[in-house]
Structures are given as structure tokens and as C-alpha cells.
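The values are calculated or read from the model by the stated rules, or taken from the named source; none is laboratory data. These numbers come from a predicted model, not from an experiment. A quick note on method: Cβ atoms are made from the backbone with ideal geometry, for glycine too, and the neighbour counts reach across all protein chains shown. Remember, those area values only see protein heavy atoms, side chains included, never the ligands or the DNA or RNA. Shrake-Rupley method; radii C 1.70, N 1.55, O 1.52, S 1.80 Å.
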Amino acid sequence: MIEVRKSEERGRAHHGWLQSQHSFSFADYYDPRHQGFGPLRVINEDRVAPGAGFGTHGHRDMEIISYVLDGALEHKDSMGTGSVLHYGDVQRMSAGSGVRHSEFNGSKTEPVHFLQIWIQPNQQGIAPSYEEKHFPLEEKQGKLRLIASGDGREGSVLIHQDASLYAAILNGDDALDHPLAAGRLAYVHVIRGRVEVNGVILNTGDALKLGDEARVSLAKAEAAELLLFDLPR
């Protein structure tokens, strides 16, 4: 099974201070065909105006990952954690039994652009926790860099789900294969640029759902940055 999710078909929210595109049903956007993929529930591409942001609000039983594309993302939460994230930084917050947090543009002059990703955990009611790590550009160039996983291997952030999230920056002759175990799903989201995935050309903001495939093949990239999710059903 291969299914394309085109960028222009995503849900949209425009609130002045926030411009957001939703890959899956979220808030006021509902599409019964796109309500998640395996445990992957949310990929929101958010652009927040200078000095604006999401006020304090709560979450439960969700793995929330922020992947910053440009600008400064400021985070504060009820666990006492506070930080400002930039490109290359990955933040993981396990909401567990309940946490409150806020996310703001850390700049008064420049917008912040980031992906907000939600993955449903395989454990309920765990103690909330927070983690962030920086993944340098060179670790993603021409290769799949593991940035989040269910066991924290290879220096990735730890998520409470049998899922692996990879980031890659590809161009020109770069070509990669990622094997998929039987019964696994894959989801490829193109952050920017252009890349061929299992023979399908994807552009900025496009995504591809894959099931019952032996591998994910990436080739013919043009200044591409992407995320690859290896997921249980």
C-alpha cells in the first residue's frame, strides 16, 4: 500500500499570529480519511509570529516531539523545564499522567517555523518527562539519522512507543534504503525540497504512507530534508 498525501490538501488554520498546516485531523480540521497512521496522530507545520505563541495548556498520554526548522522556539512546562530551541534541536515531552506547558516564539523580530508531532504512547499514566537533544547538520547529510526511538538508541530521544523517527538531508546522487520489518508501516514527510520515495516524486510538504512494503527507498533528491517514521500498525 502506497498513498500520497499532497501538501496542498492538508488542513489549514490561520489565526493571524499562527499559520498552521495539519497532515491529520486536528482541532477544527476534520477529515475521516486522515486521522492518524498507526500511532502517529499529529504532524502540524506551524509558523508563529514574533513574540506570539501557545499559552499554557495541558496534555495527557501523548508523546509530543518538536522539530525546529527556523527561528527560536521557547518552551516552559509544569515540570520546571524551560529552554529555547533552534534548528537541529529536537524536543520530546511525554505528557503521561498530565503536564501543562507553553510554546512561544523566542524572538521579538523573526518568525519561528517548526513541526509539532504527536505519537500515541504504548503506556498510559506514566510520569511526565522531558528531553531535548541537538542533531548537527552533518549527521543527517546523506544518511538517515535516528532522532527518536522506543529505546533511546544511538543517542536519540526516548519515546514511549515501538516507533523510530529518522531525519535526513539528501541531494543529488544520495540514495538510501530503509528496510521495513513485516507488519510495519512507514510514513515519509518532506520538510523541504524534492525527493523520490519508492518511485513516487514528493515535493515540499508532501508525504507518503507505506504499508506491506519491504523497504523505503529514497533517491533523486533536490535539496531535500525529510522525516521517516517506522511505525507499528
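Of the residues GLY106, GLY80, GLY152, the single one that is open to solvent by less than 60 Å² (accessible area, probe 1.4 Å) and over 26 Å from GLY16 (Cβ atoms) is GLY152. Could you tell me whether ALA175 is of a type in the set (A, V, I, L, M, F, W, C), closer than 29 Å to GLU222 by Cβ and open to solvent by less than 30 Å² (accessible area, probe 1.4 Å)? In short, no. Within the range 159-177, residues that are over 14 Å from GLU139 (Cβ atoms) and among the β-branched types (Val, Ile, Thr) have Cβ atoms under 7 Å from residues that are in a strand (DSSP E or B) and open to solvent by less than 20 Å² (accessible area, probe 1.4 Å) in these pairs: ILE159/GLU63; ILE159/ARG92; ILE159/ILE119; ILE159/ALA148; ILE159/SER149, counting only partners at least 6 apart in sequence or on another chain.
Quick one: is LEU144 open to solvent by 10 Å² or more (accessible area, probe 1.4 Å), without any contact (Cβ under 8 Å) to a residue 60 or more places away in the chain and closer than 21 Å to GLY205 by Cβ? Answer is no for this residue.
Among the strands (runs of 3 or more DSSP E) confined to the range 1-57, the ones with at least 3 residues that are open to solvent by less than 40 Å² (accessible area, probe 1.4 Å) are located at 18-22, 40-48. For the criterion of being aliphatic (A, V, I, L, M) and closer than 26 Å to VAL48 by Cβ, ILE126 fails.
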